[in-house]
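Okay, so here's the structure we're looking at.
The values are calculated or read from the model by the stated rules, or taken from the named source; none is laboratory data. Bear in mind the structure is a predicted one, so any value in this text is a computation, not a measurement. Glycine gets a Cβ as well: all are built from the backbone with ideal geometry, and neighbour counts include every protein chain shown.
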Amino acid sequence: MSNILVGRNAPNFSASAVLANGEIDNHFELKNMIKDKHAILFFYPLDFTFVCPSELIALNNRIHEFEARNTVVIGISIDSAFTHSAWRKTAINAGGIGPVRYPLVADVNHSIAQNYGIEHPTAHVALRATFLIDQSGIVRSQIVNDLPLGRNIDEMLRLIDALQFHEKHGDVCPAGWNKGDVGIKPTEQGIADYLTVKAEEL
């Protein structure tokens with residue numbers, strides 16, 4: 001099976017998860033969580049590590065921005081729900097993440113990482129993978145980093161803005177597009193018009 005999921009249905013899963021309110025749900029199911037919403041699936045290697053808390057805290061610091069875009073954020077690692085819960089209860093100045101306001105899924109049998117094609121070949125943890133899923137359950141963006149390379153949360157927001165702009169207007173988003181910028185009409189004349197004005201700024 002190809003590891004590229006863009007353009008395909010996001011694989012559904014059911015697993016234990018720690019919810020945003022701290023409760024453990026042993027039957028957390030992706031399709032129910034993301035119904036009629038956009039979603040960010042945020043895979044990371046392990047709780048109580050080094051790069052991971054910086055990423056999860058950065059996500060939490062921007063959670064209202066995701067919510068304003070009707071977008072659900074879901075974190076996933078191979079840790080148990082009990083380990084997720086302990087990490088949430090650990091103070092940030094002690095290496096914890098605090099009570100993050102999005103669910104953390106327990107992929108203890110590695111099946112979710114494997115179904116998404118992002119299990120590290122030797123470390124057998126999830127790579128730093130981010131999937132943007134649209135309201136129809138289709139993967140629209142897939143970005144995978146190796147373990148030492150932390151992600152840019154603002155880029156995730158930019159991609160959501162770009163997708164929602166395209167869904168609303170039909171225009172496509174050029175290099176470096178940000179919310180408020182013009183798009184390109186997906187025609188020969190559209191790209192010619194855009195480049196006539198913008199080519200030197202690219």
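Looking only at residues of region 1-48 that are outside any loop (DSSP other than H, G, I, E, B) and either modelled with pLDDT under 95 or hydroxyl-bearing (Ser, Thr, Tyr) (or both), we find that the one that is nearest to SER136 (Cα to Cα) is SER14.
Taking the criterion of being without any contact (Cβ under 8 Å) to a residue 40 or more places away in the chain and among the polar types (S, T, N, Q), the only residue of region 159-182 that qualifies is ASN178. When region 70-106 is filtered for residues that are touching a Ser or Thr at 6+ places or on another chain (Cβ under 7 Å) and either free of Cβ contacts under 8 Å to residues at least 12 places away in the same chain or over 14 Å from GLY22 (Cα atoms) (or both), only GLY96 remains.
Given the structure, is ARG88 of a type outside the set (A, V, I, L, M), more than 27 Å from LYS168 (Cβ to Cβ) and touching a strand residue (DSSP E or B) at 6+ places or on another chain (Cβ under 7 Å)?
It is true that ARG88 is of a type outside the set (A, V, I, L, M), more than 27 Å from LYS168 (Cβ to Cβ) and touching a strand residue (DSSP E or B) at 6+ places or on another chain (Cβ under 7 Å).
Based on this model, can you work out whether THR71 counts as buried (at least 20 other Cβ atoms within 10 Å of the Cβ) and either of a type in the set (S, T, N, Q) or touching a helix residue (DSSP H, G or I) at 6+ places or on another chain (Cβ under 7 Å) (or both)? Taking the combined requirement at face value, the residue satisfies it.
For every residue, the table says whether it meets (1) surrounded by fewer than 21 Cβ atoms within 10 Å (Cβ to Cβ); (2) of a type in the set (S, T, N, Q).
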position: ILE112; (1), (2): no, no
position: ILE118; (1), (2): no, no
position: ILE133; (1), (2): no, no
position: SER136; (1), (2): yes, yes
position: ILE143; (1), (2): yes, no
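Remark: pairs (first residue in region 183-202, within 21 Å of LEU159 (Cα to Cα); second residue among the small types (Gly, Ala, Ser) and part of a strand (DSSP E or B); Cβ separation under 9 Å; 6+ apart in sequence or on different chains) are absent.
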